[in-house]
Amino acid sequence: MYTVADLRKGLKIILDGDPYIVIAFDFAKPGKGQALYRTKMRNMINGTILDRTYRSGETFDPASLDERTMQYLYKEDNAYHFMDNRNYEQIVISEDGLGDTKNYLIDNLQVDVLLFGEKAIGVNVPNFVNLRVIKTDPWAKGDTSGSDSKPATVETGYVLRVPPFIEEGELITIDTRTGEYSTMVKG
């Protein structure tokens, strides 16, 4: 059981039956009366932001979340299939539930799936993934237009800006935290 004095950024609690994560926190002590704790929390299931003010003495239940390493298997319509590495059970997460993470999922990628009860509420991919470029404009030698990047489509359908020397079929590393090109994979 947490009290308002335990509130801090990143703390996960249960509020109205849903898991929330504290994204901002402020403590205020007026001249007289009880201290006030202003919080901004994000619902970990649907992403809504909630602003609440609490007084000292209030309590919260900790969110019982489980993080499991799983393997991405395949996409079928708008459903993404993952397999638990420990017991080989499969779970399905909708495209909406993945958000931008879907841009980096390739077959057999090891990911961390965050579960609330038995419901998957989030997927964390590695910070860097290697994806193959399937479509980009060729580099015109001697092009001095000043453009230092061009659009490229990778095997997941994600479009990003890459340096002009990147060609179709090459393997590149993408930083999943920013969605930007990191480096070309030598090989």
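The values are calculated or read from the model by the stated rules, or taken from the named source; none is laboratory data. Bear in mind the structure is a predicted one, so any value in this text is a computation, not a measurement. Neighbour counts run over all protein chains shown; Cβ positions are idealised from the backbone, glycine included. Ligands, DNA and RNA are excluded from the accessible area calculation, which covers all protein heavy atoms including side chains. Shrake-Rupley method; radii C 1.70, N 1.55, O 1.52, S 1.80 Å.
Quick one: would you say ARG55 is surrounded by 12 or more Cβ atoms within 10 Å (Cβ to Cβ) and not β-branched (Val, Ile, Thr)?
no
One residue is enough: does the range 12-21 have a residue meeting the conditions more than 13 Å from ALA63 (Cα to Cα) and at pLDDT 90 or above?
no
Is it the case that the range 67-78 has a residue that's open to solvent by less than 70 Å² (accessible area, probe 1.4 Å) and not in a strand (DSSP E or B)?
No, the range 67-78 contains no residue that is open to solvent by less than 70 Å² (accessible area, probe 1.4 Å) and not in a strand (DSSP E or B).
Hey, among LYS135, LYS150, LYS141, which residue is at pLDDT below 90 and either basic (Lys, Arg) or assigned by TED's automatic domain parsing to the domain that holds ASN43 (or both)?
LYS141
Looking only at the range 1-46, which residues are over 26 Å from the mean Cα position of the chain (by Cα) and polar (S, T, N, Q)?
THR3, GLN34
Can you find, within the range 169-187, the residue that is farthest from VAL133 (Cα to Cα) among those that are surrounded by 12 or more Cβ atoms within 10 Å (Cβ to Cβ) and among the β-branched types (Val, Ile, Thr)?
Step by step, filter the range 169-187, then rank; the result is THR176.
Condition first: closer than 23 Å to GLU67 by Cβ, open to solvent by less than 60 Å² (accessible area, probe 1.4 Å) and without any contact (Cβ under 8 Å) to a residue 60 or more places away in the chain. Now tell me which residues in the range 25-49 satisfy that.
Hits for the range 25-49 are MET41, ASN43, GLY47.
Has the range 92-111 got any residue that is part of a strand (DSSP E or B) and either in the same structural domain as LEU7 (by TED's automatic domain parsing) or charged (D, E, K, R) (or both)?
No, the range 92-111 contains no residue that is part of a strand (DSSP E or B) and either in the same structural domain as LEU7 (by TED's automatic domain parsing) or charged (D, E, K, R) (or both).
Just one of (1) closer than 25 Å to MET44 by Cα; (2) of a type outside the set (Phe, Trp, Tyr); (3) within 22 Å of the chain's Cα centre (by Cα) trips up THR173, so point out which.
Exception for THR173: condition (1).
Which condition does THR153 not pass, out of (1) out of contact with any Phe, Trp or Tyr (no Cβ under 9 Å at 6 or more places or on another chain); (2) in contact (Cβ under 8 Å) with a residue 40 or more places away in the chain; (3) outside any loop (DSSP other than H, G, I, E, B), if it passes all the others?
Here THR153 meets the rest and fails (2).
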